[in-house]
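The values are calculated or read from the model by the stated rules, or taken from the named source; none is laboratory data. Quick caveat, the model's predicted, so the values are computed rather than measured. Positions of Cβ are backbone-derived with ideal geometry, glycine not excepted, and every protein chain shown enters the neighbour counts.
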Amino acid sequence: MKNNLTLVTTNRRRAGSRGLLDEFGDVLTVEEAAGVLRIGRSLAYDLARMWRAGDPGGLPVIQVGRQLRVPRAALAELIAGAGAGAGLRIVNDDDDSAS
């Protein structure tokens, strides 16, 4: 059974993503990005795989050698919802109670 996950931005929280990422360099590990997003490591890697497969709802990553890294600017934009507000929630498309 395929588990379809979608990363959804919400307007629950405005601004603040800049301060949230100040302690990191230009790129974060997938584990660090998971910590910022307050999601598990496995889910972060699942979202990275989705993004690499062309799904814009995934976690933006770049490959450096055999490692995956999350650009800080892309993570900040994701958190900010491209100007629409901050706060993220993961919605499991197979779960009807998430509506």
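Okay, residues lined up against (1) polar (S, T, N, Q); (2) modelled with pLDDT under 95; (3) within 14 Å of the chain's Cα centre (by Cα); (4) in a loop (DSSP other than H, G, I, E, B):
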position: Gly19; (1), (2), (3), (4): no, yes, no, no
position: Glu32; (1), (2), (3), (4): no, no, yes, no
position: Ile39; (1), (2), (3), (4): no, yes, yes, yes
position: Ala48; (1), (2), (3), (4): no, no, yes, no
position: Leu75; (1), (2), (3), (4): no, yes, yes, no
position: Gly83; (1), (2), (3), (4): no, yes, no, yes
position: Leu88; (1), (2), (3), (4): no, yes, yes, no
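Could you please find all residues in the stretch 50-72 being in contact (Cβ under 8 Å) with a residue 40 or more places away in the chain and more than 10 Å from the chain's Cα centre (by Cα)? So that I can check it myself, show each step before the final result.
Going through the stretch 50-72, the residues in contact (Cβ under 8 Å) with a residue 40 or more places away in the chain turn out to be 50, 57-59, 69-72.
Hits for the stretch 50-72 are Met50, Arg69, Pro71, Arg72.
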statement: Taking the stretch 50-73 and keeping only residues that are part of a helix (DSSP H, G or I) and exposed (fewer than 15 other Cβ atoms within 10 Å of the Cβ), one is left with Ala73
